[in-house]
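Novice: This is the structure I want to talk about, given as structure tokens.
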Amino acid sequence: MKHLKLILSILFIFCLTRTYADDSNYLFRHYQVENGLSDNMATCCVQDRKGYIWIGTRDGLNRFDGYTFKVFRNDPDETETLGSNWITCLGCDMNGDLWVGTLSGLYQYDDEKESFRHIPFTADKGIDIFQFDKDNKLWILMDGNLIRFNTEDSQFRIFAPEDNQSYTSFCITRENSIWIGSSDGLISLLNPEDETMESYNVFAHSSPNTPRKLSMLYPSPTTDRIYIAFEHDDVKIFDPATRDYQDLNIQKINQLTILINSFLEKDKDELWIGTDSGLFIYKVNTGECTRIRQDPLDPYALSSHFISAFCGTGRTASGFVSTKMASTTILLSVLSMCIILGTGSIR
């Protein structure tokens with residue numbers, strides 16, 4: 001592993017533009033099944049404390065060491081194995097240890113035994129999102145409820161919504177605040193001690209028939225901003241200090257309908273948005289929006305218009321994209337892992 005940091009810096013850090021191009025023309029390197037990836041439909045990714053890059057797919061969990069992939073799948077002959085090969089989300093606790101969300105529950109990875117311990121109360125449940133707070137408490141979105149799990153004593157507490165609504169997303173900010181998004185368009189600050197909420201309507205300036213489900217909350221790692229994706233598939237920026245919000249109108253600016261899958265803040269003035277129509281780079285300070293798309297004639301371009309996830313590695317970023325190729329009667333879904341290449345770091 002001593003060379004892993006160097007290998008990852010070579011593979012992941014670089015995002016240089018072509019010498020004849022502007023800053024939006026990045027170069028990409030692709031990893032697919034032919035390179036050892038278990039499945040071409042990647043869903044999520046994370047880097048653990050040892051520097052390994054973990055990639056979840058719809059058919060197995062992959063560990064990348066800078067050279068090769070090691071694949072973990074359900075083994076019916078083992079007791080401490082993944083219950084499902086469909087990986088929904090990945091994350092690390094405050095110690096840097098890996099946790100795995102699947103369609104059949106949540107698992108903690110034991111790197112010494114290379115095994116997976118199942119968290120009992122999540123049995124046969126699809127895990128939507130999970131995240132650790134600064135006290136190493138695990139927060140899980142499951143069945144429309146938010147659950148706080150104490151990993152030391154295995155006790156858990158359920159925070160359920162009211163009025164037949166459901167929680168659809170949540171995030172934990174750099175200040176350790178818990179913000180929850182709901183199906184009725186409210187973003188709420190949770191006080192875990194007394195279970196009270198301060199709720200704010202982020203559709204106050206929208207027409208009454210606008211879809212209001214908040215599908216994703218992404219806290220800025222450098223500012224107090226929270227980026228919001230909602231069911232209409234556009235983006236809002238919520239300011240916890242003022243309790244006000246801003247509509248980015250990505251669809252209107254680009255005159256197309258998009259499906260938002262992921263966010264990554266490259267720096268305080270630049271937001272990357274992964275969609276089914278390519279990678280959008282939004283300049284927060286100017287409102288400028290650049291779209292990076294697939295080019296079938298360019299081997300160093302995105303291999304697809306479908307961006308499913310981002311993985312930040314220090315000051316660098318990697319993206320995972322899906323290529324959809326259709327024949328006369330069969331629809332093939334192929335996903336490849338794209339790593340940004342070049343000779344300069346992402347600023």
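The values are calculated or read from the model by the stated rules, or taken from the named source; none is laboratory data. What you are looking at is a predicted structure, and each value in this text was computed from that prediction instead of being measured. So basically every Cβ, Gly included, is an ideal-geometry build from the backbone, and we count neighbours across all protein chains shown.
Novice: For the range 269-279, which residues satisfy the criterion of being modelled with pLDDT under 90 and either among the polar types (S, T, N, Q) or more than 15 Å from the chain's Cα centre (by Cα) (or both)?
Specialist: Thr275, Ser277, Gly278
Novice: In the range 212-229, which residues are part of a strand (DSSP E or B) and either among the aliphatic types (A, V, I, L, M) or over 13 Å from the mean Cα position of the chain (by Cα) (or both)?
Specialist: Leu214, Met216, Leu217, Ile226, Ile228, Ala229
Novice: Does the range 249-272 hold any residues that are in contact (Cβ under 8 Å) with a residue 40 or more places away in the chain, out of contact with any Ser or Thr (no Cβ under 7 Å at 6 or more places or on another chain) and aliphatic (A, V, I, L, M), and which are they?
Specialist: Once the filter is applied, which keeps residues that are in contact (Cβ under 8 Å) with a residue 40 or more places away in the chain, out of contact with any Ser or Thr (no Cβ under 7 Å at 6 or more places or on another chain) and aliphatic (A, V, I, L, M), the range 249-272 yields Leu264, Leu271.
Novice: For the range 110-124, check the following and say yes or no: at least one residue is at pLDDT 95 or above, under 26 Å from Ile237 (Cα atoms), of a type outside the set (A, V, I, L, M, F, W, C) and surrounded by 14 or more Cβ atoms within 10 Å (Cβ to Cβ).
Specialist: no
Novice: Now for a different question. So, Ser9, is that one surrounded by fewer than 20 Cβ atoms within 10 Å (Cβ to Cβ), assigned to a loop (DSSP other than H, G, I, E, B), of a type outside the set (A, V, I, L, M) and at pLDDT below 85 or not?
Specialist: Against the criterion (surrounded by fewer than 20 Cβ atoms within 10 Å (Cβ to Cβ), assigned to a loop (DSSP other than H, G, I, E, B), of a type outside the set (A, V, I, L, M) and at pLDDT below 85), Ser9 does not qualify.
Novice: Let me ask another. Scanning for something of a type outside the set (A, V, I, L, M, F, W, C), farther than 30 Å from Glu195 by Cα and out of contact with any His (no Cβ under 8 Å at 6 or more places or on another chain), does the range 128-145 turn up at least one residue?
Specialist: Checked against the condition, which is being of a type outside the set (A, V, I, L, M, F, W, C), farther than 30 Å from Glu195 by Cα and out of contact with any His (no Cβ under 8 Å at 6 or more places or on another chain), the range 128-145 yields no hits at all.
Novice: Say we look at the range 46-85 and pick out the residues that are under 16 Å from Val33 (Cβ atoms) and among the polar types (S, T, N, Q); which of these is surrounded by the fewest Cβ atoms within 10 Å (Cβ to Cβ)?
Specialist: Applying the filter and picking the extreme gives Thr68.
Novice: So which residues in the range 128-150 are assigned to a loop (DSSP other than H, G, I, E, B) and surrounded by 18 or more Cβ atoms within 10 Å (Cβ to Cβ)?
Specialist: Residue satisfying the conditions is Lys137 alone.
Novice: Please tell me if Tyr282 is of a type in the set (Phe, Trp, Tyr) and not in a strand (DSSP E or B).
Specialist: no
Novice: Further, regarding this structure: Here's a check for you: in the range 86-108, which residue that is over 19 Å from Ser308 (Cβ atoms), of a type outside the set (S, T, N, Q) and without any contact (Cβ under 8 Å) to a residue 40 or more places away in the chain is surrounded by the most Cβ atoms within 10 Å (Cβ to Cβ)?
Specialist: Among residues in the range 86-108 that are over 19 Å from Ser308 (Cβ atoms), of a type outside the set (S, T, N, Q) and without any contact (Cβ under 8 Å) to a residue 40 or more places away in the chain, the one surrounded by the most Cβ atoms within 10 Å (Cβ to Cβ) is Leu106.
Novice: Of the conditions (1) at pLDDT 95 or above; (2) surrounded by fewer than 20 Cβ atoms within 10 Å (Cβ to Cβ), Ser166 fails just one. Which one is it?
Specialist: Every condition holds for Ser166 apart from (1).
Novice: While we're here: Yes or no: Thr257 modelled with pLDDT of 80 or more, more than 18 Å from the chain's Cα centre (by Cα) and in a strand (DSSP E or B)?
Specialist: Here the answer is no, as Thr257 does not meet what is asked.
Novice: For residues in the range 293-306 being part of a strand (DSSP E or B) and in contact with a Ser or Thr (Cβ under 6 Å, 6 or more places away or on another chain), which is nearest to Tyr218 (Cα to Cα)?
Specialist: Phe306
Novice: Moving to a separate point now. Go through the range 91-125 and give me each residue that's aliphatic (A, V, I, L, M), closer than 17 Å to Gly60 by Cβ and not in a strand (DSSP E or B).
Specialist: Leu103
Novice: Let me ask you something else. Identify the residue in the range 178-193 that is in contact with an Asp or Glu (Cβ under 9 Å, 6 or more places away or on another chain) and polar (S, T, N, Q) and, among all such residues, is modelled with the highest pLDDT.
Specialist: Among residues in the range 178-193 that are in contact with an Asp or Glu (Cβ under 9 Å, 6 or more places away or on another chain) and polar (S, T, N, Q), the one modelled with the highest pLDDT is Ser188.
Novice: Answer yes if at least one residue in the range 190-201 is surrounded by 17 or more Cβ atoms within 10 Å (Cβ to Cβ), in a loop (DSSP other than H, G, I, E, B) and without any contact (Cβ under 8 Å) to a residue 60 or more places away in the chain, and no otherwise.
Specialist: Within the range 190-201, not a single residue is surrounded by 17 or more Cβ atoms within 10 Å (Cβ to Cβ), in a loop (DSSP other than H, G, I, E, B) and without any contact (Cβ under 8 Å) to a residue 60 or more places away in the chain.
Novice: Tally time: how many residues in the range 161-185 are touching a residue at least 24 places away in the same chain (Cβ under 8 Å) and either part of a loop (DSSP other than H, G, I, E, B) or under 24 Å from His232 (Cβ atoms) (or both)?
Specialist: Final tally of qualifying residues: 17.
Novice: Sticking with this structure for a sec: Testing Lys236 on (1) in a helix (DSSP H, G or I); (2) touching an Asp or Glu at 6+ places or on another chain (Cβ under 7 Å), one condition comes back false. Which one is that?
Specialist: With (1) in a helix (DSSP H, G or I); (2) touching an Asp or Glu at 6+ places or on another chain (Cβ under 7 Å) applied to Lys236, the lone miss is (1).
Residues checked against (1) at pLDDT 95 or above; (2) within 23 Å of Tyr227 (Cα to Cα); (3) not aliphatic (A, V, I, L, M):
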| position | (1), (2), (3) |
| --- | --- |
| Asp128 | no, yes, yes |
| Phe132 | yes, yes, yes |
| Ile140 | yes, yes, no |
| Asp153 | no, no, yes |
| Phe170 | yes, yes, yes |
